[in-house]
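The structure under discussion appears below in the form of structure tokens.
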Amino acid sequence: MENTQQGNGTTKENIAVKKKVNWSGSLILASLIGAFGSSFLYGYNLSVVNAPAGYIKKFYNETWERRYGFSVDEGTLTLLWSITVSIFAIGGLVGAIIVTPIVKFFGRKCTLVLNNVFAVAAALLMSLSLLAGSFEMLILGRIIMGVDAGISLSALPMYLSEISPKEIRGSLGQVTAIFICIGVFTGQVLGLPEIFGQESRWPFLFGAIIVPSLIQAVILPFLPESPRYLLLEKHNRSKAEKAFQRFLGKDDVSHEIEEVLAESRVQRNTKLVSIVELLRTRAVRWQIVTVVVTMGCYQLCGLNAIWYYTNNIFSESGINRETIPYVTLSTGAVETLAAVFSGLVIERLGRRPLLIGGFGLMIVFFAVLTVSLTLQNTVHWLPYLSIFCILAIIASFCIGPGGIPFVLTGEFFQQSQRPAAFMIAGTVNWLSNFAVGLLFPFIQAGLQTYCFLVFAGICFAGATYLFFVLPETKNKTFHEISQAFAKRNKVTLEMQEMNHYPGETKSSEEQESNFTSSVDNGETKKGIV
């Protein structure tokens, strides 16, 4: 009876703690400013090339003719434009690969601040390319902007997850996805003919990138660094306490400090696992496969093709050219609303139904879109059905596949494995992004109205895999998720614990002693072994 009463008392205390969680001013500001200068720019650069595509191609042709005395042929122009669009992903891949040592050396916040150097340099190159008469500057600017995006899409979620209380970590994590959607929508609005969507003004679309970057570079340095980074990697307890106090809006943060230290002692090791070590760890083999599948489908399901070539798709649908920029605004608005909706229901419905259901709905609407595009010349109202299908595909993507792959990557792996896991996920993400941007124009030219059946097939393959393999991870601890994969990985739970740190044989007592000796009232002592 006493144990029951104690358990009930603990439960009541936990409920009370959850109710007392406050969104401090520093926490809100760090989230908004961090996302505005990072994930917002990623979304903006996905859509910003859409509206001025015709003007940029004309600029390419004029530059080519001025240099070589003849116009560029259609095939070369298509290749140049595809490279301009898809080279952004190559830069993203570079950024994803180099982010791990950068965040470890400079910290999460400082990485975001320093990353603005890439954004400003890219903005200057792209906005001045027309004046300089060099399309190479535009392409170089796109790849540098990709590096910025690759770094920020890893550093920002890491920063937000480490500064937020665990009770609202999921909600705060949605800020990244929501600002991507807002960035896409902003790119569409600024690309309207009344603003920068004119032949003489399209360079301003790229120059506008400087604004969010400068705002972040000015404000973010005055906000604290990640307290977990300060405590576990810099071993500075006093600064970590001050950071917790500002982010949580309270003076007594001893519970949070002890919670972080206890988590580190449970893990018994602070050595980061390399990619090779992670790939050789049998206990996470199916988790890695699942991350690769979900992240590959995230990019290859066809949504980026819709973002990059929305105007062409609407043109093929029979929409009047003057009306297209305004119809395109609806796609950004729908994406933003769907992302907000997903954030509100993900903890109620779970990851699995939203992810599989999202892919399933995309299959249906891709099939209907193919039929409507094929028969649009026979029935006058079919172009409107095509628009509806595009909006439905975007909404279906955003309620599930649009954000959950990143959530799963964080949930499948423990602290020491996550950097390597995110590097694998980022590599698959950006390579797939590059493939879609480069190949879609040729797929569209070859298959015509049947091109979207390719994406429907990818969605079907992904949904089928996830239906049979993916367990529900909602409200589950890392231990419980590992247990769900244990049978498929053909290991016992004891073997999983041993395999988390391949090659490490130190006792937990020695590991804990080494860790404790390195953190003492904010003073840096011995490094963690």
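The values are calculated or read from the model by the stated rules, or taken from the named source; none is laboratory data. Worth saying up front: this structure is predicted, and the values here are computed from it rather than measured. No Cβ is skipped: glycine too gets one built from the backbone with ideal geometry, and neighbour counts run over all protein chains shown. Just the protein is used for accessible areas: all its heavy atoms, side chains included, with ligands, DNA and RNA removed. Shrake-Rupley method; radii C 1.70, N 1.55, O 1.52, S 1.80 Å.
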Notebook entry, point to check: Just one of the numbered conditions (1) in a helix (DSSP H, G or I); (2) open to solvent by less than 20 Å² (accessible area, probe 1.4 Å) is not true of residue 401; which one?
Noted result: (1)
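Only one of 212, 227 is on the phi < 0 side of the Ramachandran plot, buried (at least 19 other Cβ atoms within 10 Å of the Cβ) and under 21 Å from the mean Cα position of the chain (by Cα); which?
Values: 227 fails: under 21 Å from the mean Cα position of the chain (by Cα).
Answer to the selection: 212.
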Next item on the list: Working only within the stretch 415-439, note down all residues that are more than 12 Å from residue 154 (Cα to Cα) and open to solvent by 20 Å² or more (accessible area, probe 1.4 Å).
Entry: 415, 428, 431, 434, 435, 438, 439
Check: Residues 455, 460, 442: which one is among the hydrophobic types (A, V, I, L, M, F, W, C) and either surrounded by 19 or more Cβ atoms within 10 Å (Cβ to Cβ) or not in a helix (DSSP H, G or I) (or both)?
Finding: 455
Check: Which pairs do you get when a residue that is modelled with pLDDT of 90 or more, found in the stretch 364-375, comes within reach of a residue that is of a type in the set (Gly, Ala, Ser) and in a helix (DSSP H, G or I), reach meaning Cβ atoms under 7 angstrom, with the pair 6+ apart or on two chains?
Finding: 365/392; 365/396; 366/456; 367/456
Check: Here is a list of conditions, (1) more than 24 Å from residue 157 (Cβ to Cβ); (2) more than 23 Å from the chain's Cα centre (by Cα); (3) assigned by the TED database to the domain that holds residue 29; (4) in a helix (DSSP H, G or I), and residue 199 meets all of them except one; can you say which number that is?
Finding: (4)
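For residues that are in a helix (DSSP H, G or I), under 30 Å from residue 403 (Cα atoms) and open to solvent by 10 Å² or more (accessible area, probe 1.4 Å), tally how many sit in the stretch 43-80. Can you show your working first?
Initially, the stretch 43-80 is screened for residues in a helix (DSSP H, G or I), giving 43-47, 53-68, 74-80.
So of that shortlist, the ones also under 30 Å from residue 403 (Cα atoms) come out as 43-47, 53.
Subset that is open to solvent by 10 Å² or more (accessible area, probe 1.4 Å): 53.
Residues flagged as in a helix (DSSP H, G or I), under 30 Å from residue 403 (Cα atoms) and open to solvent by 10 Å² or more (accessible area, probe 1.4 Å) within the stretch 43-80 amount to 1.
Of the residues 199, 136, 162, only one is of a type in the set (D, E, K, R) and closer than 21 Å to residue 112 by Cβ; which? Steps first, answer last, please.
Values: 199 fails: closer than 21 Å to residue 112 by Cβ; 136 fails: closer than 21 Å to residue 112 by Cβ.
Criteria check complete, one pass: 162.
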Check: Within the stretch 287-308, restricting attention to residues that are open to solvent by less than 10 Å² (accessible area, probe 1.4 Å) and closer than 26 Å to residue 375 by Cα, which residue is modelled with the highest pLDDT?
Finding: 301
Margin query: Looking at the stretch 406-422, I want the residues that are without any contact (Cβ under 8 Å) to a residue 40 or more places away in the chain and have a partner that is open to solvent by 10 Å² or more (accessible area, probe 1.4 Å) and assigned to a helix (DSSP H, G or I) with Cβ atoms under 9 Å, at least 6 apart or on another chain. Which pairs are those?
Written below: 418/158; 418/410
Notebook entry, point to check: Does the stretch 444-459 contain at least one residue that is within 28 Å of residue 350 (Cβ to Cβ) and more than 22 Å from the chain's Cα centre (by Cα)?
Noted result: yes
Next item on the list: May I ask you to verify whether residue 448 is open to solvent by 20 Å² or more (accessible area, probe 1.4 Å), modelled with pLDDT under 80 and of a type outside the set (A, V, I, L, M, F, W, C)?
Entry: yes
